[in-house]
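To start, the structure under review is shown below, and the notes come after it.
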Amino acid sequence: MEVYLDNNATTKVDPKVLEEMLPFFCDIYGNPNSLHRFGAGTHPKMLEALDYLYEGIGAADEDDIVITANATEANNWVIKGAWIEYILNGNKNHIITSEVEHPAITATCRFLETQGVNVTYLEVNEEGVLDAQSVKDAIREDTALVSIMWANNETGKLFPVKEIGLICKTTGVPFHSDATQAIGKVKVDVQANDVDMISFSAHKFHGPKGVGGLYIKKGVSLPPYMHGGEQMGGRRAGTVDVASMVGMGKAMQMATNTMAIAYEKNHVGMLRDKLEKAILKIPDTVVIGGRENRTPNTTLISIRGVEGESMLWDLNQNGIGASTGSACASEDLEANPVMNAFGSDSELAHTGIRFSLSRFNTEEQITNAVTRLRGISSSYAYTPKKYA
Ligand code: 7TS
């Protein structure tokens, strides 16, 4: 039995999502911007998809949701857009983010630093979250943007978005949150949390790869990311990938309705806890960041003395897919920057294994994985290693 436990890297497309997408390849294939019936035929389902997206994140009708290729694009757009709008064309020169954001945020910020922009990377505490007060303390006269994730991809830890939203609203600084790992796992409501922009990727909630979105609250200034045609209100030109947009809409609807969020919390959460409890029986094992205040599907576990990469290899040999750190970085054997940020000792930083579940995991799969994990872990002698 194969057990896929790497859903924070990507998820399986829900067959119902695929079913919604299929007509848009060979049957309803017109360009949505064409005036004839072939183009117009795409409109009802595109509008329905937009409705699902607005409803899924609690956006107001007058706000904007722009379809992008993924969260990476949305994140790049926000950071570089803020640079153009508020720094190059304004009088600001400072961006605030955290040190545990996805590289789509941190690498973009590092690029801006080469262009003379000041960036503050806020530290997280040993629980892997930052204190909202640290955002308040970091805000300066020239702060152009605050970008803090909704949920961390490695630990699932939830950030104090509501408090940060209020701080940014009061100080008049635009607030962006990378909600890629939050959608479908916890309720994401942009209005209730005073968030000005959020990014997301459909493939993290059982939609297709290659499509995502950026929510932009009405009144927030952000220059277009792609210049060209009038698609997406001129904010992101290029013929819309209708099938992907429809798929993302359906996936959003299925992942964010009240029942789906409750299922994630109760059922997926129960499976995660079962897996976690079994692993915690292995000596010298800890949950990085602790077990409180996380997305229900994620656990980042460290077994002292066991290098994450070798454990991953053994798991893979046994039909279990998990990850060390984020898949985007897993080809290099550097210590996991997220674990370093927690202040873990340098030995622990090499030991993290992330298990991330989804609604497609079954109790049988978890029982099976636990049995195989016990076998694997018993073959590891406790041999602490030293890393520079
Ligand atoms: N933001 C967060 C918080 C993410 O977790 C990811 C992907 C991205 C942005 C980028 O998403 P993409 O669809 O544009 O690639 N995170 C991971 C991960 O944790 N393991 O593999 C990819």
Legend entry - Positions within region 27-41 being part of a loop (DSSP other than H, G, I, E, B) and either within 19 Å of Gly210 (Cα to Cα) or of a type outside the set (Val, Ile, Thr) (or both), in sequence order: Asp27, Tyr29, Gly30, Asn31, Pro32, Asn33, Ser34, Leu35, His36, Gly41
Legend entry - The listed residue being surrounded by fewer than 24 Cβ atoms within 10 Å (Cβ to Cβ) and either touching a Gly at 6+ places or on another chain (Cβ under 8 Å) or among the aliphatic types (A, V, I, L, M) (or both), out of Glu127, Glu154, Glu123, Glu163: Glu127
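Would you say Ile288 is at pLDDT 90 or above, within 16 Å of Val3 (Cβ to Cβ) and crowded, with 17+ Cβ neighbours inside 10 Å?
For Ile288, the condition - at pLDDT 90 or above, within 16 Å of Val3 (Cβ to Cβ) and crowded, with 17+ Cβ neighbours inside 10 Å - is not met.
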Inset, instruction - Report the residue count in region 191-221 for those that are part of a loop (DSSP other than H, G, I, E, B) and more than 16 Å from the ligand (Cβ to nearest atom). - result: 10
Inset, instruction - Given the conditions (1) out of contact with any His (no Cβ under 7 Å at 6 or more places or on another chain); (2) at pLDDT 95 or above, report the number of the one that Gly128 does not fulfil. - result: (2)
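Determine if region 126-135 includes at least one residue that is touching a Pro at 6+ places or on another chain (Cβ under 6 Å) and under 30 Å from Glu264 (Cβ atoms). So that I can check it myself, show each step before the final result.
Of region 126-135, the ones touching a Pro at 6+ places or on another chain (Cβ under 6 Å) are 132.
Add one more test, that the residue is under 30 Å from Glu264 (Cβ atoms), and what stays is 132.
Yes, that holds for at least one residue.
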Inset, instruction - Report yes if some residue within region 231-246 is basic (Lys, Arg), within 20 Å of the chain's Cα centre (by Cα), away from the ligand (no atom under 16 Å from the Cβ) and within 18 Å of Ala59 (Cβ to Cβ); otherwise report no. - result: no
Inset, instruction - Under 7 Å between Cβ atoms, at least 6 apart or on separate chains: pull out the pairs that start in region 196-210 with a residue that is under 14 Å from Ile79 (Cβ atoms) and end on any residue that is within 7 Å of the ligand (Cβ to nearest atom) and of a type in the set (A, V, I, L, M, F, W, C). - result: Ser199/Ala71
Inset, instruction - Name the helices (runs of 4 or more DSSP H) wholly inside region 43-155 in which the number of residues that are away from the ligand (no atom under 16 Å from the Cβ) and touching a residue at least 40 places away in the same chain (Cβ under 8 Å) is 3 or more. - result: 43-57
Legend entry - Selection count where residues are in contact with a Ser or Thr (Cβ under 7 Å, 6 or more places away or on another chain) and charged (D, E, K, R), scope region 13-60: 0
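Part of a helix (DSSP H, G or I) and surrounded by fewer than 17 Cβ atoms within 10 Å (Cβ to Cβ): is that true of Met254 in this structure? Step through it out loud before you land on a result.
On the way: part of a helix (DSSP H, G or I): yes; surrounded by fewer than 17 Cβ atoms within 10 Å (Cβ to Cβ): no.
The answer is no for Met254.
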Legend entry - Residues within region 6-26 that are within 16 Å of the ligand (Cβ to nearest atom), assigned to a loop (DSSP other than H, G, I, E, B) and surrounded by fewer than 22 Cβ atoms within 10 Å (Cβ to Cβ), tallied: 4
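The values are calculated or read from the model by the stated rules, or taken from the named source; none is laboratory data. Here the structure is a predicted model, which means the values were calculated and not measured. Cβ atoms come from the backbone with ideal geometry, glycine included; neighbour counts cover every protein chain shown.
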